[in-house]
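Novice: Can you read through this structure? Questions will come right after.
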Amino acid sequence: MKTSNFKFLFYLRHICIVLFVLFTTNAAWAEQSEKPIRFGITPAIVHDQYALLADWREYLQKKLERPVEFVTRDNYRETIELLKHNKLDFAWLSAYPFVYSEKNHFVRLLATPLYQGRPYYRAYLIVPASDLQTKTLLQLKGKVFAYADPYSNTGYLVPRYQLRQEGEDSKHFFRKTFFTWGHQNIVMAVARGLADGGEVDSFVWETLALIRPNLTRQTRVIAKSPEYGFPPIAAQITVSQAEFSAMQRVLLEMANDTEGAKLLKRLNLDGFISGDPKLYNSVRKMMQALDDI
Amino acid sequence: MKFFDLSFRYKIPLWGSMLIIVTAIAVSASMIVDTYDELKEDLIIDSDTLARSLTSNLFPALLHDDTWRAFEIISTAIDSPYSDWPGQAQAEAILVVDNALNIVVSTHPKMAPISTDISELSPEYAALADQISQMGEHPSQAIELPGSNRFYYITPISRGNAHLGTLIIVYPQGVFMPRFFDIAWHGLSVGSFILAILLPLNWYWGRRMTLPLLLLASRMSKTSGKWPADLEPDLYTHRDELGQLFEAYHLMLEELKAKESLEKQMEQSERLAALGQLAAGIAHEVNNPLGGMLTAIDTLKRHGNVDPRTMKTIALLERGLTQIRDTVGALLVEAKLKSRNLLPQDIEDVQTLITPLANKKAIYITWHNSLDGDIPLPATLVRQILINLLLNAVQAATQQGEVLFDIHVMDGNLRVVVENNGKTLSPEQISHLFEPFSPLSRDGHGLGLWVTYQIVHQLGGHVEVEKESNDYMRFTVEIPMGGAL
């Protein structure tokens, strides 16, 4: 009995040593080369195209020769918080969250996508397709209006700004407002008649018109806003210059290789440029006008 | 013709079929009603499950005024991928109202827009609103409004004392009808299948059951005239009431036949007795003058001087008168002769007498004599009976035929059985067999059996003639021993 107990302890010690060695070396190796890049995805794009996102992630991993992790959140606030606390390295933000985050000094502009050849997008005012009377935002007085997200540019900032320009108080203008946490949901809410109107990201609406025409057909675009800088990709402020450049180069060169071009086509984009923070000045202006943040 | 006058042949199968069909309909109807109730109960249980899960998710959404989240929650319940599942009752719409009965969110915003009072939607919803405001502390309630073609399930959205609103699940009336029809159809096809098996079985069984009864009835209706043929014994072999009826019928028929035969026998013996009396009377009346005439002839022969020619005439008269006397004497059977008792030796004597006659026709006689010691019966008369019967048998038997003789004592009776093969007699012939001057007698004067019958009767016994199945005639004589003579 005693001998067998002793033997067992002897083997157990050996197993422990082996496990310890394996564990520590593995961890050290992972620390050095395999620390994944964390990339935030927000409803600034049609973020439930999971197959497309998986392929794009694969592409980025291959090009960067590093693992890339996509961190998808349904609202901007959470992504902003993650960036603020350095839990993300990069994130695709809407214009307004970018301006907000940049103003608070925890991100810098990495790249701006090119949509229809230009780094701009608009806000579309949509109503149900069955509503043939409404022509302007003002006609929606006393109606139910769907906002996208408290940090959304086109889905929240723009309509309130437009009302203010018209001398209306957005707080009491509508009978009822609610957040849908995404532009696609606004389209759905308007299509189903839950909301009588909403303003959406033109890029999301046009992309949906391509991939889910049955949904967009139930809505009608009655007004288009001026252009704003396209939702950019931002880098966390602490990301090293090397990583920043590597990611920027991969994005800028996407349009130049076949696989990248295919992915861009599926993303309904034409490419990326390094961009200019000035592109978002109009957003900054609206933000200041509303004195929101 | 009324149903109750119908033949059992139709009535029993019809009754059976009617019972089967009525039973099948009753069982099916009760099952269908049960199924309807169960499905309705299922719907309420399903609604309750759905309502519980929805309200638990809706509570935080309503608490945070998250209209979109609430919309997603209720939409999922309507647009679920299980909506095509046949067993699932599909809700038509789901509404959430606040405590003021204004719509917070609905799956059909176009029909029920946000922030409208549900009473304004339609009179039906106004009635529903009344029900909801009267609901009080009820946890959940299934509501069917009169005149409505919908079914409502309402559940409060609350936790503890916090009451945020009410969930309304709307089902189209008869939401479970497809499933109900499915089950009912299944039940009906099983029922029809069972009927398809039971009805022919019932028909066959009913016919089979009534067939013996029908035969019995048709036979019994014929008993008034001639006797109907016996029923085949394997027609109905069971020992139930019908079997007993068959047996009773059989017994009745037997008894009727026996009675008839007894009546015939009595008629026959009465006739023979009357004949015997008549014969005896005539014999006495004839014998008296005959005796005188014979005595006169005798006297004339002895003392009269008659010429040979007259003598010849007298002799002729004498022979004639003697023949008359013999014949009358034969008719007048007198059993009151004093005689010694019968001995086994007497039987052997009879055998000795009859054997040469039998040999002439090469007839084989099987002889059984089981007498030992003397029998208290007059030997002369018994010998006469035996000789008569045996002569008759030998005469009736075919060439190289067979005669069977048996004599024994049984139950205080002397019993003689004589059988012979040859032509059998019809019942009609048998009934006249013992009459004098029988036309059946081919030689002799046809008095042998008459005499036998008279002797046996005077000895207190009786004679029976039977036709055996295999072309044999059997004569049985029974004489009580020590009977009053």
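Novice: Please work out if B:A248 is among the aliphatic types (A, V, I, L, M) and either at pLDDT 80 or above or assigned by TED's automatic domain parsing to the domain that holds B:Q429 (or both).
Specialist: Values: among the aliphatic types (A, V, I, L, M): yes; either at pLDDT 80 or above or assigned by TED's automatic domain parsing to the domain that holds B:Q429 (or both): yes.
The answer is yes for B:A248.
Residue-wise test of (1) within 14 Å of chain A (Cβ to nearest Cβ); (2) within 29 Å of A:T177 (Cα to Cα); (3) part of a loop (DSSP other than H, G, I, E, B).
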{"site": "B:V104", "(1), (2), (3)": "yes, yes, no"}
{"site": "B:S115", "(1), (2), (3)": "yes, yes, yes"}
{"site": "B:Y125", "(1), (2), (3)": "no, yes, no"}
{"site": "B:Q131", "(1), (2), (3)": "no, no, no"}
{"site": "B:H138", "(1), (2), (3)": "no, no, yes"}
{"site": "B:L145", "(1), (2), (3)": "no, no, yes"}
{"site": "B:T166", "(1), (2), (3)": "no, yes, no"}
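Novice: With B:T310, B:T327 as the choices, which residue is surrounded by 10 or more Cβ atoms within 10 Å (Cβ to Cβ), in contact (Cβ under 8 Å) with a residue 40 or more places away in the chain and assigned to a helix (DSSP H, G or I)?
Specialist: Unique residue meeting the criteria: B:T327.
Novice: Of all residues in region B:275-309, which are among the hydrophobic types (A, V, I, L, M, F, W, C) and farther than 18 Å from B:D326 by Cβ?
Specialist: Across region B:275-309, the qualifying residues are B:L275, B:L278, B:A296, B:L300, B:V306.
Novice: Next question, about the same structure. Which one of these does B:F59 not meet: (1) under 30 Å from A:R192 (Cα atoms); (2) surrounded by fewer than 14 Cβ atoms within 10 Å (Cβ to Cβ); (3) not small (G, A, S)?
Specialist: (2)
Novice: Does any residue in region B:284-304 that is at pLDDT below 85 come within less than 8 Å, Cβ to Cβ, of a residue that is among the charged types (D, E, K, R) six or more places away or on a different chain, and which pairs are these?
Specialist: Within 8 Å, the pairs are B:N287/B:R325; B:K301/B:E318.
Novice: Across region A:116-165, which residue is farthest from A:K278 (Cα to Cα) among those that are in contact with a Lys or Arg (Cβ under 6 Å, 6 or more places away or on another chain) and β-branched (V, I, T)?
Specialist: Per the stated criteria, the residue is A:V144.
Novice: Which is touching a Gly at 6+ places or on another chain (Cβ under 9 Å) and more than 14 Å from chain B (Cβ to nearest Cβ), of A:Y120, A:Y100, A:Y115?
Specialist: A:Y120
Novice: Failed condition for A:R175, given (1) among the basic types (K, R); (2) surrounded by fewer than 18 Cβ atoms within 10 Å (Cβ to Cβ); (3) within 20 Å of the chain's Cα centre (by Cα), with all others met?
Specialist: (3)
Novice: Let me ask something else about it. One residue is enough: does region A:150-163 have a residue meeting the conditions free of Cβ contacts under 8 Å to residues at least 60 places away in the same chain, within 12 Å of chain B (Cβ to nearest Cβ) and over 17 Å from the mean Cα position of the chain (by Cα)?
Specialist: No, region A:150-163 contains no residue that is free of Cβ contacts under 8 Å to residues at least 60 places away in the same chain, within 12 Å of chain B (Cβ to nearest Cβ) and over 17 Å from the mean Cα position of the chain (by Cα).
Novice: Please find, among B:E402, B:E435, the residue that is acidic (D, E) and either in contact with a His (Cβ under 6 Å, 6 or more places away or on another chain) or within 30 Å of B:A283 (Cα to Cα) (or both).
Specialist: B:E435
Novice: Name the residue that is farthest from the other protein chains (Cβ to nearest Cβ), counting only residues in region A:179-200 that are surrounded by fewer than 24 Cβ atoms within 10 Å (Cβ to Cβ) and more than 25 Å from A:E78 (Cα to Cα).
Specialist: Here the answer is A:A191.
Novice: Among the residues of region B:143-158 satisfying the criterion of being free of Cβ contacts under 8 Å to residues at least 60 places away in the same chain and hydroxyl-bearing (S, T, Y), which is nearest to B:S133 (Cα to Cα)?
Specialist: Applying the filter and picking the extreme gives B:Y152.
Novice: Suppose the filter is part of a loop (DSSP other than H, G, I, E, B), touching a strand residue (DSSP E or B) at 6+ places or on another chain (Cβ under 8 Å) and over 30 Å from A:F145 (Cβ atoms); does B:M111 pass it?
Specialist: So B:M111 fails the test.
Novice: Any idea which of (1) facing chain B (nearest Cβ under 9 Å); (2) among the small types (G, A, S); (3) outside any strand (DSSP E or B) is the one A:A146 doesn't satisfy?
Specialist: Tallying (1) facing chain B (nearest Cβ under 9 Å); (2) among the small types (G, A, S); (3) outside any strand (DSSP E or B), A:A146 fails exactly one: (3).
Novice: Mind listing just one residue for me: the one in region B:189-204 that is touching a residue at least 60 places away in the same chain (Cβ under 8 Å) and not polar (S, T, N, Q) and, of those, nearest to B:S17 (Cα to Cα)?
Specialist: It comes out as B:L199.
Novice: Looking at region B:221-238, which of the residues that are within 19 Å of B:E254 (Cβ to Cβ) and modelled with pLDDT of 75 or more is surrounded by the most Cβ atoms within 10 Å (Cβ to Cβ)?
Specialist: Looking at residues that are within 19 Å of B:E254 (Cβ to Cβ) and modelled with pLDDT of 75 or more, I get B:S221.
Novice: Quick one: what pairs do we get from region B:458-479, first residue touching a residue at least 60 places away in the same chain (Cβ under 8 Å), second in a loop (DSSP other than H, G, I, E, B) and of a type outside the set (F, W, Y), C-beta under 6 Å, 6+ apart or different chains?
Specialist: So the pair list comes out as B:Q458/B:A335; B:M473/B:T424; B:E478/B:G461; B:I479/B:L459; B:I479/B:G461.
Novice: Within region B:66-87, can you find the residues that are modelled with pLDDT under 85 and either part of a helix (DSSP H, G or I) or away from chain A (no Cβ under 14 Å) (or both)?
Specialist: Result: B:A77, B:I78, B:S80, B:P81, B:Y82, B:S83, B:D84, B:W85, B:P86, B:G87.
Novice: Pull up region A:123-134, narrow it to residues that are assigned to a loop (DSSP other than H, G, I, E, B) and touching a helix residue (DSSP H, G or I) at 6+ places or on another chain (Cβ under 8 Å), then point me to the one that is nearest to the other protein chains (Cβ to nearest Cβ).
Specialist: Restricting to residues being assigned to a loop (DSSP other than H, G, I, E, B) and touching a helix residue (DSSP H, G or I) at 6+ places or on another chain (Cβ under 8 Å), the top hit is A:A129.
The values are calculated or read from the model by the stated rules, or taken from the named source; none is laboratory data. Everything numeric in this text was worked out from a predicted model, so none of it was measured. A quick note on method: Cβ atoms are made from the backbone with ideal geometry, for glycine too, and the neighbour counts reach across all protein chains shown.
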